[in-house]
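Some notes on the structure that comes next.
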Amino acid sequence: MDNRYGGFNKGYNGDMSAAGYFDSLPLEVKEEINRRAADIHSISDLEVLATYLENKLES
C-alpha cells in the first residue's frame, strides 16, 4: 500500500487527535462518553456529544 498521500498516517493522526481531545475533557464527561461509546463513530460525533455533556454539566 502506498502511504505517501495519507493512508495509515492520516488515520493514525486522526486517532491521536481524538485521544488528545478525549483526555482534555472533564472526568464526568469522559465517563458518560465511555457509557455511550457505541454511538460514537467519528471525531465529529465525539465533539458533538462532549459539547452537549459539558453544557449539561454547566447548567
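The values are calculated or read from the model by the stated rules, or taken from the named source; none is laboratory data. This one's a predicted model, so the numbers in the text were calculated from it and none came from an experiment. Quick reminder, even Gly has a Cβ in these numbers, built from the backbone with ideal geometry, and neighbours come from all protein chains shown.
So for segment 24-37 (the condition being in a loop (DSSP other than H, G, I, E, B) and among the polar types (S, T, N, Q)), does at least one residue qualify? Looking through segment 24-37, at least one residue is in a loop (DSSP other than H, G, I, E, B) and among the polar types (S, T, N, Q). Every condition in (1) assigned to a helix (DSSP H, G or I); (2) surrounded by fewer than 10 Cβ atoms within 10 Å (Cβ to Cβ); (3) modelled with pLDDT under 90 holds for His41 except the one numbered (1).
Of all residue pairs spaced 6 or more apart or on separate chains, those with beta-carbon atoms under 6 Å, a first member in segment 20-48 that is over 21 Å from Ser59 (Cα atoms) and a second member that is part of a helix (DSSP H, G or I) are Ile40/Leu46; Ile43/Ala18. Here Lys56 meets each of (1) in a helix (DSSP H, G or I); (2) modelled with pLDDT of 85 or more; (3) within 13 Å of the chain's Cα centre (by Cα) with one exception, condition (3).
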